[in-house]
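The structure under discussion appears below in the form of structure tokens.
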Amino acid sequence: MTNTKLIQNCAVLRLKDDDSAVIEAGQDVLIRGDKIHNIRPTGEIDASTVDEIFPADGMVCLPGMINTHAHIPMVLFRGLAEDVSIARWFNDFIWPLESNLTEEDVYWGAQLALAEMIESGVTTVADHYFHMDQVAEAVQQAGSRALLGWATFSNQGYDVLQQTADFVSRWQNKADGRIHTIMAPHAPYTCDDAYLKAAAEHAKQLGVGIHIHASERLFQTESSLESRGMTPIQVLAETGILDVPTIIAHGCGIIQEDMPLLEQANHVGVAHAPKTYLKLGGDMTPIPMLKAAGIPVGLATDGAASNATLNLFEVMRLMTLMQKWIPSDSEQMPIGQALNIAFRGGAAVLGMGQSLGQIEEGFLADLMLVDLSGIHHQPVHNPAASLVFNVQPPDVKTVFCNGKVLMHDRELKTLDKGHIIQQVKKSMERLAKRVPEKRIQVYNP
Ligand SMILES: [Zn+2]
């Protein structure tokens, strides 16, 4: 028998093709197996045969949030490289630390990150890191949904590229279909053209896409034009990357000349991580230009070493504020558009727009219940505005993914938070011994 769950008397966020958002009060949502089966006015669905009932008076039912670009185990480096230049951030901190991580460190880092994401309503993540078998195992345990890619650089050679392709085959469609995989060459400035071509060939043969950092800053576009007469997006087109579905992380240096290539591409989505850009002093993804060309944009955190948190409500808020601030125009990025980017945009970036990112019949049952009764929401004149500007993670009460409960009334159901925190602390103590120059201080209050 297929398990059924009924969310009773919630308000449902409905996202429309014209980028508007409507909140319909007094609705029941019936989950059957891993899908949303039915949405009806409260009382119309027969509750007597349902397996589990979730009363949701005063709650808004939203799709789960979709993090379109992250390096989730980097939660281990939260706060370790503050107030430094991007060059020092990489060379003096992140790369020496990452090269000393073990599989076990990555596993516990991934669990910590998944717990943080579930607590703030994130049910799907496109992750780009290494030791990805451990990340996949953590996702399997957490019950979340993920699109996983094993990052590679050309200086690691073609055997490593093949190993990342083997990872793709090993985990594709695993964990009840919650895990999907993708090739993940790091970036055009760390992978030469032959390596990018080989990655694209693997992706074609495996029937998967590519997740890559490209045009991260305007500076990268300028230096690529200067050194080789091509923008990073032109490099992606030349090397066949854009012949397969591609997630471009950041794209802050995308220029008008790149747009025809992106429009002709197989399928391109851009991951937007404004908090990281603000924190590291970068540029902003040109959202209006991408939207005008019909290129999907989704929200992203990048790693917590540059973003501090994995909270996409905060990212949505910063995106909205920056899109008003840049042109000095408060009419830009209206609430409905922000919500559409967060949910439908994120799903479209991952190529899952037909099954994820909306509360509609037949869509995957990845949902959260958000409580707007807190003082910081009162009085609620405009619940959609509350979702964009006021929600804090503790307002997210219950989270479902693939029809299963991952958190109920703030209690995590699949992960043991206390144990994870303990294991992460042990990992950091071990890492501190391995890393030169005492980069890590373990805080013991
Ligand atoms: Zn990144």
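Since every read-out is calculated from the coordinates, none of them should be taken as a lab result. Remember, predicted model here, so these are calculated numbers, not experimental data. Neighbour counts run over all protein chains shown; Cβ positions are idealised from the backbone, glycine included.
Descriptive notes on the structure:
- Expected 222 nm ellipticity per residue - DSSP helices of 4 or more, -39500 (n - 2.57), all of the chain, to 500: -9500 deg cm²/dmol
- Tail fraction, Cα-Cα pairs, the range 46-147, threshold 17 Å, whole percent: 60
- Computed from the Kirkwood radius of its Cα pairs, the Stokes-Einstein diffusion coefficient for the range 65-349 at 25 °C and 0.890 mPa s stands at 131 µm²/s.
- For Thr239, Thr4, Thr221, order by how many other beta-carbon atoms lie within 10 Å, fewest first: Thr4, Thr239, Thr221
- Distance between the range 300-341 and the range 183-206 - C-alpha centres, whole angstrom: 30
- Note on Ala385 and Glu104: the model spin-label points, each 7 Å out from Cα along the C-beta direction, lie 5.3 nm apart.
- Charge dipole (the chain, unit charges on Cβ, about Cα centre) - positive-most of Ala194, Met352, Cys10: Cys10
- For Met319, Met407, order by how many other beta-carbon atoms lie within 10 Å, fewest first: Met407, Met319
- DSSP bridge pairs, the chain: antiparallel proportion in percent, nearest 5: 45
- Highest-MSF residue in the chain out of Ser120, Ser223, Ser328 [GNM, Cα springs under 10 Å]: Ser328
- Relative intensity of the range 344-445 on a log10 scale, I(q)/I(0) at q = 0.10, 0.16, 0.19 Å⁻¹, equals -0.51, -0.92, -1.01, per a Debye sum over C-alpha point scatterers of equal strength in the absence of solvent.
- Available extension along the chain between Gln162 and Asp193 is 9.5 nm, counting 0.36 nm per residue and deducting the alpha carbon span.
- For the chain, built as a Gaussian network whose Cα springs stay under 10 Å, the top-fluctuating residue of Arg317, Arg228, Arg40: Arg228
- When each of Lys204/Lys275; Lys5/Lys417; Lys16/Lys275 is checked by Cα-Cα distance, pairs over 29 Å: Lys204/Lys275
- Angle in degrees between helix 193-206 and the longest Cα principal axis of the chain, rounded to the nearest 10: 40
- Taken along its three principal axes, the alpha carbon spread of the range 253-382 comes to 48, 39, 33 Å, from the longest extent down to the shortest.
- Neighbour net charge for Ser215 - beta-carbon separation under 12 angstrom, K R +1, D E -1: -4
- Equivalent-ellipsoid semi-axes for the range 187-313 (Cα gyration tensor, √(5λ), whole Å, largest first): 22, 17, 15.
- Unpaired by the 4.7 Å Cβ criterion, cysteines found in the chain: Cys191, Cys252, Cys401
- Just so you know, the Cα atoms of the range 74-129 work out to an Rg and Dmax of 12.8, 33 Å.
- Tilt relative to the chain, helix 103-119 - C-alpha long axis, 0 to 90 degrees, to 10: 40
- Degrees separating the helix 417-434 axis from the principal Cα axis of the chain, which is the longest one: 10
- Charges were assigned to the Cβ only: +1 to each Lys and Arg, -1 to each Asp and Glu. The resulting dipole of the range 209-299 about its Cα centre is roughly 380 debye.
- The residues Glu361, Glu314, when put in order of fewest to most other Cβ atoms within 10 Å, stand as Glu361, Glu314.
- For the range 1-108, taking Cα atoms only, Rg and Dmax work out to 22.2, 61 Å respectively.
- The local environment of Arg40, defined by Cβ-Cβ distances under 15 Å, has a net charge of -3 under the rule Lys, Arg +1 and Asp, Glu -1.
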